[in-house]
Amino acid sequence: MRPNIIIFYVNDPTASARFCGRLFDINPVEESPAFVVFALGKQQEVAPTVSALPGAAELTVTVDSRDAVDSTFEKWQNAGVTIALDRMRPGDGIVIYSPKAEYAKPYRLQAFTALGTVGDEPARQVDAGGGFLPFRRHVKSEPIAEVPLLPMLESLSFIKNKSAYGAVFRFGVVQIPESDFRLIGNAMHAFGS
């Protein structure tokens, strides 16, 4: 497994380079007190330019199977990486987007399909069968109706590129502005009544 793109904005590039080197089993090709460069494959210019503060990060990793996802998750968790489920706090709202109705089937759903609130319990590992041991958080679900994404696409501020709207969901857990969460939630409640 090799990451496709990594951009970290950190206070200590040298310490971050050591950590990333251990995480991905690679060495930097250039290093200075202000920045570190890892050769990750085809070089591309970053656009648009960014102005992120230390602590911000962008990370894209492509893996080829569920097994690779599971082993990567375990490796990163053992290395001390905070997993998205651990960042959720009790009372946080959750909305689920489903691109398809069924996994590995061609029918596109492209709808928000669940709404809820994160409970008080911490993340826990569960046995989903077949050796699959995902982590879960308790979420109190709300009675709603599925709402298609496309009719509200132009109104959602967290989707910057409207022509490639699906890309934002590829990052798994995405924090969205409260106004977008309310817009989606209100639509789900209105259709669920």
> Looking at (1) modelled with pLDDT under 75; (2) surrounded by fewer than 14 Cβ atoms within 10 Å (Cβ to Cβ); (3) farther than 19 Å from Ile176 by Cα, which is the only condition Arg87 fails?
Replying inline: (3)
>> Let me confirm something: among Lys105, Lys140, which residue is assigned to a strand (DSSP E or B), over 20 Å from the mean Cα position of the chain (by Cα) and in the same structural domain as Ala164 (by TED's automatic domain parsing)?
In response: Lys140
>> Out of everything in the range 113-137 that is in contact with a helix residue (DSSP H, G or I) (Cβ under 7 Å, 6 or more places away or on another chain) and assigned to a strand (DSSP E or B), what residue ends up being surrounded by the fewest Cβ atoms within 10 Å (Cβ to Cβ)?
In response: Phe135
> Which of the residues that make up the range 156-170 are part of a helix (DSSP H, G or I) and surrounded by 12 or more Cβ atoms within 10 Å (Cβ to Cβ)?
Replying inline: Tyr165, Gly166, Val168, Phe169
>> If I filter the range 143-151 for residues that are within 20 Å of Ser98 (Cβ to Cβ), loosely packed, with under 11 Cβ neighbours inside 10 Å and touching a Leu at 6+ places or on another chain (Cβ under 7 Å), do I get at least one hit?
In response: no
>> Residue under question is Pro48, and the condition is that it be assigned to a loop (DSSP other than H, G, I, E, B), at pLDDT 70 or above and more than 17 Å from the chain's Cα centre (by Cα); does it hold?
In response: no
>> Exactly one condition in (1) at pLDDT below 90; (2) not in a strand (DSSP E or B) is false for Leu153; which is it?
In response: (1)
> What pairs can you find where one residue is in the range 172-183 and in contact (Cβ under 8 Å) with a residue 12 or more places away in the chain and more than 15 Å from Arg89 (Cα to Cα), the other is not in a helix (DSSP H, G or I) and not hydroxyl-bearing (Ser, Thr, Tyr), and their Cβ atoms are less than 8 Å apart, with a gap of 6+ or different chains?
Replying inline: Pro177/Phe158; Asp180/Leu156; Asp180/Phe158; Phe181/Gly93; Phe181/Val95; Leu183/Leu156
> Residue check, Leu109 against (1) free of Cβ contacts under 8 Å to residues at least 40 places away in the same chain; (2) in contact with a Ser or Thr (Cβ under 7 Å, 6 or more places away or on another chain); (3) under 22 Å from Met88 (Cβ atoms); (4) surrounded by 12 or more Cβ atoms within 10 Å (Cβ to Cβ), all met but one. Which one?
Replying inline: (3)
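The values are calculated or read from the model by the stated rules, or taken from the named source; none is laboratory data. Here the structure is a predicted model, which means the values were calculated and not measured. Note: ideal-geometry Cβ built from the backbone for every residue, glycine included; neighbour counts use all protein chains shown.
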